[in-house]
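We did not get these values from a lab; they are worked out from the coordinates using the rules stated. Keep in mind that what you see is a predicted model, and the values were worked out from it rather than measured. Cβ placement follows ideal geometry from the backbone for every residue including glycine, while neighbour counts extend to all protein chains displayed.
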Amino acid sequence: MKITLTKTGKRFNSDWIFRNLDFEFNSNNYYAVVGANGSGKSTLLQLIAGNITPSEGQINYEYGDKIIAPDNIFRYLTLATPYQQLIEEFTLPEMLHFHQKFKPFVKQFTPDQICEMLAFPKSESRQLQYYSSGMKQRVKLALAILSDTPLLLLDEPCTNLDRQGTDWYHNLINDYSDDRLIIVCSNHKQEETAFCKYFLSMEDYKKA
């Protein structure tokens, strides 16, 4: 997977969030997109995910020898964000089975195996709306990281996680990051980006 941004910018009404962003993301590499609140990190991630379109410039996607149209990039990625909503009327097994219909899991993981990995034995029969914020975040991360996709997008992945949850996140990344392009947005938090080799600072592209 290769993602190339050329003179990319995004504005809302007359306010530019960022402009003139030239950058290339490549498979088998891990990138941290860092900056203060409001610097455009989440906006950039949504642009890369194809959920919104750039106001200027372009984003090109390649996978192997194939050019991917922006409106098809969703087939190649999984995304975990604090603002992402789970289907809260589902139980955990129902959520996993539903997700699997659209994105298969790595290493032929079954929903039962992922339930065991999440270690919520007394909560599997409860609807997700009754989970704590930390438990919901772990479900979101499991769905994203354990999906068999070449592109993994994570926005502030340690939100609502305690130390045990943060360690669990690092173990998951360590075990299931091979042959993937991973982009992590973070407010300069070491626990979220410790495994990243390359850093993109959104402050470098802020324009009035």
(message) Given the options ILE114, ASN37, ASN174, identify the residue whose Cα lies farthest towards the positive end of the charge dipole of the range 2-205 (+1 on Cβ of Lys, Arg; -1 on Cβ of Asp, Glu).
(response) ASN37
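Figure the gain on full extension for SER55 and GLN85 (residue separation times 0.36 nm, minus the Cα-Cα span) and round it to one decimal in nm.
On the way: separation 30, 0.36 × 30 = 10.80 nm, distance 2.62 nm.
Net length gain for the segment: 8.2 nm.
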(request) Note down the magnitude of the dipole of the range 2-205 about its Cα centre, charges +1 on Lys and Arg C-beta and -1 on Asp and Glu C-beta and zero elsewhere, to the nearest 20 debye. (result) 200 debye
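Taking neighbour counts of Cβ atoms within 10 Å as a proxy for exposure, in what order, fewest first, do TYR76, TYR198 appear? List each step's numbers first, then the result.
Numbers: TYR76 16, TYR198 13.
Ascending number of Cβ neighbours within 10 Å: TYR198, TYR76.
What helices does the chain hold that run 27 Å or longer along their axis, going by alpha-carbon atoms, with a Kyte-Doolittle average of -0.5 or more, using DSSP H for the helix calls? Display every interim value, and only then the final one.
Details: long enough: none.
None pass (Cα extent of 27 Å or more, hydropathy at least -0.5).
Per the helix-only calculation at 222 nm, which mean residue ellipticity applies to the chain, given -39500 (n - 2.57) for every DSSP H run of n ≥ 4 and division by its residues, nearest 500 deg cm²/dmol?
Numbers: 6 runs with 55 residues, N = 208.
The helix-only estimate for the chain comes to -7500 deg cm²/dmol at 222 nm.
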(message) Just to be sure I follow the definition: excluding the sites themselves, where is the longest run in the chain that has none of the GluC sites (Glu not before Pro) in a DSSP loop with at most 13 other Cβ atoms within 10 Å?
(response) 90-208
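Summing Lys, Arg as +1 and Asp, Glu as -1, what charge do residues with Cβ under 12 Å from the Cβ of THR159 carry, THR159 excluded? Intermediate values should be presented prior to the final figure.
Details: positive: LYS136, ARG138, LYS140, LYS189; negative: ASP155, GLU156, ASP162, GLU191, GLU192.
Around THR159, the surrounding residues sum to -1.
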(request) Could you work out which residue, out of LYS103, LYS140, LYS122, moves most in a Gaussian network model of the chain, that is, has the largest mean-square fluctuation with Cα springs under 10 Å? (result) LYS122
(message) Going 7 Å from the Cα of PHE120 along its beta-carbon direction, which residues of the range 152-176 have the amide nitrogen within less than 18 Å of the resulting point?
(response) 157-170, 172
(request) Work from the charge dipole of the chain (Cβ charges, +1 for Lys and Arg, -1 for Asp and Glu, about the Cα centre) and give the residue of GLY50, THR4, TRP16 farthest towards its positive end. (result) TRP16
(request) Mind scanning LYS103/LYS206; LYS136/LYS206; LYS2/LYS140; LYS66/LYS136 and naming the pairs with a C-alpha gap bigger than 30 Å? (result) LYS103/LYS206; LYS136/LYS206; LYS66/LYS136
(request) With the Cα gyration tensor of the range 2-205 in hand, give its eigenvalues times 5 under a square root as the equivalent ellipsoid semi-axes, listed largest first in whole angstrom. (result) 29, 18, 16
(request) Just the number, please: Stokes-Einstein D of the range 5-105 in µm²/s, Kirkwood Rh from C-alpha pairs, 10 °C, 1.306 mPa s. (result) 101 µm²/s
(message) Using the basic label-point model (7 angstrom from Cα toward the beta carbon), what is the THR4 to LYS107 distance in nanometres?
(response) 3.5 nm
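I'd like the FRET efficiency for GLU203 and ASN20, computed as 1/(1 + (r/R0)^6) with the beta carbon distance as r and R0 of 22 Å, rounded to 0.05.
0.95
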